[in-house]
């Protein structure tokens, strides 16, 4: 690992530009900052940041360096983590919906090429792709809602049997 001296000259790992314990070594150590450990709380925060950036759970877990099963275990056990996760995915959904609505309303600008050179722009309107994407998002949201115990038919039938017993 290269060490940056105060003068700005890089030295290799085998070369010693200044004696050990000199001012430039302590300056380099201070500039690097403290070593940050990969603790689960820090990994959770890093995962949520990655999820906000990419919007895909498996990719965020991969970028974080945490197995997908661990991320889902954190989600199951930690209510605050689960709520933040859901909030981030809801924000991503709103972003996608807004972008799709802009595409439907304004169309997309595409380059027009002639003999390998860009000669102009064409505005295209692709409603079908946007409608399919919104339909997909609606179906995903409906699936998530159907897993809620309070909205399931089993919970409702239990309430009815309790009410009829009293």
Could you give the C-alpha radius of gyration of region 18-77 expressed as a fraction of 2.2 N^0.38 Å, taking N as the number of residues it contains? 1.66
Considering Cα pairs under 8 angstrom that are at least six residues apart, work out the relative contact order of region 12-128 and quote it in whole percent. 14 percent
So for R0 = 41 Å, FRET eff. of residue 138-residue 35 from the Cβ-Cβ r, to 0.05, ends up at 0.30
Once R0 is set to 25 Å, what does the formula 1/(1 + (r/R0)^6) return for the Cβ-Cβ distance between residue 63 and residue 83, expressed as a FRET efficiency to the nearest 0.05? 0.70
Arranged from highest to lowest average of other beta-carbon atoms within 10 Å per residue, in what order do the peptides 64-75, 93-104 appear? 64-75, 93-104
What list do you get for 89, 51, 137 if you sort them by fewest beta carbons within 10 Å? 137, 89, 51
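Laboratory data are not the source of any read-out in this text; all were calculated from the coordinates shown. All figures in this text were calculated on a predicted structure; none of them were measured in a lab. Here Cβ is always computed from backbone atoms with ideal geometry, including for glycine, and neighbour counts include all displayed protein chains.
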